[in-house]
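Working notes, structure below.
The values are calculated or read from the model by the stated rules, or taken from the named source; none is laboratory data. These numbers were taken from a predicted model, which means no experiment stands behind them. Note: ideal-geometry Cβ built from the backbone for every residue, glycine included; neighbour counts use all protein chains shown.
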Amino acid sequence: MAEVSIRNLLKVYDNNITSVHNFNLEIKDKEFIVLVGPSGCGKSTSLRMIAGLEDITDGELYIDGKLVNDIAPKDRDIAMVFQNYALYPHMSVYDNMAFALKLKKTPRADIDKKVKEVAEILDITQYLDRKPKALSGGQRQRVAIGRAMVRDPKVFLMDEPLSNLDAKLRNQMRAEIIKLRKKIDTTFMYVTHDQTEAMTLGDRIVIMKDGYVNQIGTPQELFDCPVNLFVAGFIGMPVMNFFDGSKLELKDGKYYANIKGAVFELSEFQQKALAQNGQQPCDIIAGVRPQYITVGEGDLHGEVEVSEMLGSEVDLHVNCGGDDVVMVLQTMNLEEDVSIGAQLDFTVQPRLIQLFDKASGNNLIWYDQESVDRHEAHCKRYDF
Ligand code: ADP
């Protein structure tokens with residue numbers, strides 16, 4: 001059982017750089033939280049404050065209801081796995097894994113049982129006598145995880161644990177972490193700059209920029225309801241298309257999005273949300289996911305400049321009045337000519353258009369948590 005409560009956490013380094021502002025998060029027992037964002041946004045600093053490796057400048061950190069701001073790292077019941085593995089090179093895998101338990105003066109027989117049990121789970125039993133240098137990157141990473149696991153921590157912290165691995169191994173280890181998580185069944189906090197890792201591993205994702213948390217939500221919530229342009233652009237592959245120069249229009253009590261002269265009457269839900277906020281017509285940046293574009297009809301037009309055939313799907317770059325619009329189309333049932341130079345008509349369902357205020361970059365509909373909650377209720381009602 002391990003709940004973590006992070007309240008108004010602030011980190012100001014000696015050089016007066018504020019790396020983390022006002023971080024708030026309630027982590028449920030056994031939840032898998034991913035902190036994601038570009039390099040330098042404050043992810044590691046946040047994690048290190050939770051581990052006790054950095055002082056907390058202000059705010060409170062509770063683990064299972066106990067204030068731990070001033071508790072030493074070793075007494076927080078937390079284990080951390082680092083990007084560079086941090087294994088002792090002169091010790092065998094067995095001794096690396098046993099080290100923390102020996103320090104705690106755990107009886108030898110108990111250490112032996114625990115190390116072997118964890119080695120079995122991680123499939124590294126055959127390497128127990130080897131030194132770290134005789135292991136591959138993926139195997140070393142497993143040892144690092146094992147070393148943390150033997151301590152039965154209440155909270156498992158991982159700082160970019162896969163970023164030293166090549167792409168193929170990273171995919172494999174990602175799948176292993178998903179399986180491992182089921183076996184360990186504890187609370188996780190995982191830092192990465194990789195949106196795919198965040199989307200596939202997290203129960204909830206915390207997305208940060210410049211030391212500020214921008215949004216907290218499930219992967220689907222962040223994908224469907226990004227609160228601002230930054231979240232919209234960071235989450236999702238390929239990146240969302242942004243149509244600058246678009247307009248939100250209001251005629252006879254109805255809202256429309258005008259994208260490059262094509263006018264879309266917004267969905268009932270969007271109408272309601274905008275009306276509730278008393279939204280006035282304004283300049284917007286319209287956001288459309290590459291996967292949500294349909295071709296063969298519609299008032300938007302362009303010329304195919306790049307066509308990448310991937311078998312089941314084809315990725316296109318279409319020049320639409322000077323803008324590069326990316327589309328991901330399923331090849332099954334695709335009747336259009338999508339070769340380079342082809343002219344395409346395309347469109348999107350209005351409910352799938354994201355409306356960002358040009359001035360602030362905020363999503364006119366999903367800007368605050370309350371509206372994200374509203375969206376959840378909406379999804380349930382309308383099977384969105
Ligand atoms: P991330 O993990 O998202 O890449 P970090 O938490 O490492 O970001 O860093 C956040 C900010 O804090 C950066 O601007 C970084 O330069 C600064 N920073 C990190 N560690 C220190 C330190 N020990 N002293 C001063 N500034 C630091």
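On the stretch given as region 147-165, residues that are within 16 Å of the ligand (Cβ to nearest atom), assigned to a loop (DSSP other than H, G, I, E, B) and of a type outside the set (Ser, Thr, Tyr) total 4. Of everything in region 28-43 that's charged (D, E, K, R) and either surrounded by fewer than 20 Cβ atoms within 10 Å (Cβ to Cβ) or without any contact (Cβ under 8 Å) to a residue 40 or more places away in the chain (or both), which residue is nearest to the ligand (Cβ to nearest atom)? Top of the filtered list is Glu31. Residues in region 11-27 that are near the ligand (Cβ under 8 Å from one of its atoms) and exposed (fewer than 14 other Cβ atoms within 10 Å of the Cβ): 4 in all. Output yes when any residue across region 83-92 is within 12 Å of the ligand (Cβ to nearest atom), assigned to a loop (DSSP other than H, G, I, E, B), at pLDDT below 95 and closer than 24 Å to Gly202 by Cα, and no when none is. Yes, some residue in region 83-92 is within 12 Å of the ligand (Cβ to nearest atom), assigned to a loop (DSSP other than H, G, I, E, B), at pLDDT below 95 and closer than 24 Å to Gly202 by Cα. Asp110 meets each of the listed conditions (1) closer than 27 Å to Lys179 by Cβ; (2) touching a helix residue (DSSP H, G or I) at 6+ places or on another chain (Cβ under 7 Å) apart from (2). If you go through region 43-78 and keep only what is of a type outside the set (A, V, I, L, M, F, W, C), closer than 20 Å to Thr186 by Cβ and in a helix (DSSP H, G or I), you end up with Ser46, Arg48, Pro73, Lys74, Asp75. Taking first residues from region 135-160 that are on the phi > 0 side of the Ramachandran plot and partners that are within 16 Å of the ligand (Cβ to nearest atom), the Cβ contacts under 7 Å between residues at least 6 apart in sequence or on separate chains come to Glu160/Gln83; Glu160/Val191; Glu160/Thr192. Being among the acidic types (Asp, Glu) and within 26 Å of Val325 (Cα to Cα) is the filter; apply it to region 248-290 and report the residue that is surrounded by the most Cβ atoms within 10 Å (Cβ to Cβ). Checked region 248-290; the qualifying residue surrounded by the most Cβ atoms within 10 Å (Cβ to Cβ) is Glu249.
For the residues Arg151, Arg140, Arg204, the requirement of being under 30 Å from Tyr367 (Cα atoms) and among the charged types (D, E, K, R) singles out Arg204.
Taking into account only those residues within region 263-318 that are outside any strand (DSSP E or B) and charged (D, E, K, R), which is nearest to the chain's Cα centre (by Cα)? Top of the filtered list is Arg289. Scan region 302-321 and give yes if some residue there is in contact with a Cys (Cβ under 7 Å, 6 or more places away or on another chain) and either over 19 Å from Asn228 (Cβ atoms) or free of Cβ contacts under 8 Å to residues at least 24 places away in the same chain (or both), otherwise no. The answer is yes, given that some residue of region 302-321 is in contact with a Cys (Cβ under 7 Å, 6 or more places away or on another chain) and either over 19 Å from Asn228 (Cβ atoms) or free of Cβ contacts under 8 Å to residues at least 24 places away in the same chain (or both). Within region 209-234, the residues that satisfy the criterion of being closer than 24 Å to Val325 by Cβ and in contact with a Phe, Trp or Tyr (Cβ under 6 Å, 6 or more places away or on another chain) are Cys225, Val227, Leu229.
Does region 211-247 hold any residues that are polar (S, T, N, Q) and within 22 Å of Glu31 (Cα to Cα), and which are they?
Asn214, Gln215, Thr218, Gln220
The requirement of being within 11 Å of the ligand (Cβ to nearest atom), surrounded by fewer than 16 Cβ atoms within 10 Å (Cβ to Cβ) and touching a residue at least 24 places away in the same chain (Cβ under 8 Å) is not satisfied by Ser46. Within region 63-77, is even one residue within 14 Å of the ligand (Cβ to nearest atom) and either at pLDDT 90 or above or not assigned by TED's automatic domain parsing to the domain that holds Met199 (or both)? No, the conditions are met nowhere in region 63-77. Residues considered: Met189, Met199. Of these, the only one that is within 16 Å of the ligand (Cβ to nearest atom), modelled with pLDDT of 95 or more, outside the structural domain of Glu313 (by TED's automatic domain parsing) and in contact with a Phe, Trp or Tyr (Cβ under 9 Å, 6 or more places away or on another chain) is Met189.
Being touching a strand residue (DSSP E or B) at 6+ places or on another chain (Cβ under 8 Å) and either at pLDDT 95 or above or not assigned by TED's automatic domain parsing to the domain that holds Gln354 (or both): is that true of Lys260 here?
Yes, satisfied.
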